1. With the condition kept exactly as written, say whether any residue in the range 143-158 is open to solvent by 10 Å² or more (accessible area, probe 1.4 Å), within 28 Å of residue 246 (Cα to Cα), modelled with pLDDT of 95 or more and under 15 Å from the mean Cα position of the chain (by Cα).
2. Of these, 272, 263, which one is without any contact (Cβ under 8 Å) to a residue 24 or more places away in the chain and either at positive phi or part of a loop (DSSP other than H, G, I, E, B) (or both)?
3. For the range 304-322, give me the residue count where each residue is outside any helix (DSSP H, G or I) and open to solvent by 30 Å² or more (accessible area, probe 1.4 Å).
4. Out of everything in the range 61-83 that is in contact (Cβ under 8 Å) with a residue 24 or more places away in the chain and assigned to a loop (DSSP other than H, G, I, E, B), what residue ends up being most open to solvent (accessible area, probe 1.4 Å)?
5. Evaluate the range 229-251: report whether one residue or more is crowded, with 23+ Cβ neighbours inside 10 Å, at negative phi and in a helix (DSSP H, G or I).
6. Determine whether the range 135-142 contains at least one residue that is crowded, with 21+ Cβ neighbours inside 10 Å, touching a Cys at 6+ places or on another chain (Cβ under 7 Å) and closer than 20 Å to residue 67 by Cβ.
7. I'm checking my understanding of the structure. Among residues of the range 91-111 that are within 18 Å of the chain's Cα centre (by Cα) and open to solvent by less than 50 Å² (accessible area, probe 1.4 Å), which one is farthest from residue 45 (Cα to Cα)?
8. Output the number of residues of the range 26-60 satisfying the condition of being open to solvent by 60 Å² or more (accessible area, probe 1.4 Å), free of Cβ contacts under 8 Å to residues at least 60 places away in the same chain and of a type in the set (Lys, Arg).
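The values are calculated or read from the model by the stated rules, or taken from the named source; none is laboratory data. Owing to the predicted nature of the structure, the values given are computational and were not obtained by experimental measurement. No Cβ is skipped: glycine too gets one built from the backbone with ideal geometry, and neighbour counts run over all protein chains shown. For accessibility, only protein heavy atoms count, side chains too; no ligands or nucleic acids. Shrake-Rupley method; radii C 1.70, N 1.55, O 1.52, S 1.80 Å.
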Amino acid sequence: MPVNLKGRSFLTLKDFSSEEIRYLLDLAHDLKAKKRAGIKGSLLEGRNIVLLFEKTSTRTRCAFEVAAYDEGANCTFLSNSQMGKKESLEDTAKVLGRFYDGIEFRGFKQSDVEMLAKYSGVPVWNGLTDLYHPTQILADLLTIEEHVHKPLNKVKFVYAGDARNNMGNSLMIGAAKMGMDFVGLAPKELFPSKELVDEMKEVAKTTGATITLTENIDDVKGADVIYTDVWVSMGEEDQFAERIKLLEPYRVNAEMMAKTGNPDCIFLHCLPSFHDLETVVGRDIHEKFGLTEMEVSDEVFRSPASKVFDEAENRMHTIKAVMVATIGRQ
C-alpha cells in the first residue's frame, strides 16, 4: 500500500510504522541528492511554517529554516510569543493554525507538542522534548545507511551513556521499528523506563529487532555503530556531579571502539559534544571536576570513525523529508 503522510504530525517515532519511516528515509536520500545536484525545489512553495523554541538550538533551527527555503516555503522563527504567559497553549495553537501550514516545537514537555497538534489543525513537528527527539533519529538512520554497508535490520547499534534521556528513548524506538540489534549500555540507574522497554520489545517481535540493556562494556563487541550523548540534558545542569560519577566509565574512547572488534565501526553523536575545553561549559566542568573531556574522547570525536558532521548535515535532509511528506505539494 502506498505511504501517505499528508496532514500527519511528527511527534514521536512510536506513531509511525516501519514502512512509513522507510518512506521518509528514502525521500530524504532523494532530496539530499537533489540538493547536491544544485536542483532548486518547489515542493513547499506557498507554504508557511513557524518555529517555536523554548530550548536553545543550532542544528534544529538551521535545519528547519534551510530545508524550508530550499523547497520554497516561508519561515517564521518565534521565540518571544505569549504562549504559556499571557495566552494558553490551546489558544496559541488555534491562532498559529490559522496563519501557518505547519508548526515546529522545541521545548520541555511532550504534552505541549501534543497539545499544539491537538488544537492547531495543522501538522506539528517535534524538534525535541524531554522525552523524544524524532527528527534526530531520522538523521541518525540516514547516516548509518550512508556509512554502514548493510541493511538497517543487520546493524548492531550501541548507545552508551544516559539511556533514559530523550536520545536514549528515541534511538531505542527507531532501532525497534527498523529491526536493529539495539544495545543500551548504561548504569542501571539510567536505564530507560520499563514501560517503554516493554513497549518496544513488543514492536521488536514484529520487526525482528533485539533490545538489550547492559552495564557491561564488553557487550559492544560486534557493534557497527557506537552512539553517545551529553551526560546532562538541558534543565538538569544541577546534576553534573552525580552524572559524572555514574557515566565516566561509559565514556566512548579508543579502548571502547577497539572492544567492538570491528575496524569499520562508526561513531555518532547528536551534538553539541563536550570532547575538549573549547566551550564555556567544558571549561567550567574542568575547573570543578578536573575533566578535559566528558561523554567522548577528543581522539574518537576527531577520528575517521566519527561521522558526526555528516550526521549533523543530515538533520536538514531528513527534516526536509518530514515537511515535504506532511505538507508538501506531492
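1. no
2. Step by step, each of 272, 263 is checked, and only 263 is without any contact (Cβ under 8 Å) to a residue 24 or more places away in the chain and either at positive phi or part of a loop (DSSP other than H, G, I, E, B) (or both).
3. Total meeting the criteria: 2.
4. This residue is 79.
5. The answer is no, given that none of the residues of the range 229-251 is crowded, with 23+ Cβ neighbours inside 10 Å, at negative phi and in a helix (DSSP H, G or I).
6. The answer is yes; a qualifying residue exists.
7. Residue satisfying both the conditions and the ranking: 110.
8. Count: 2.
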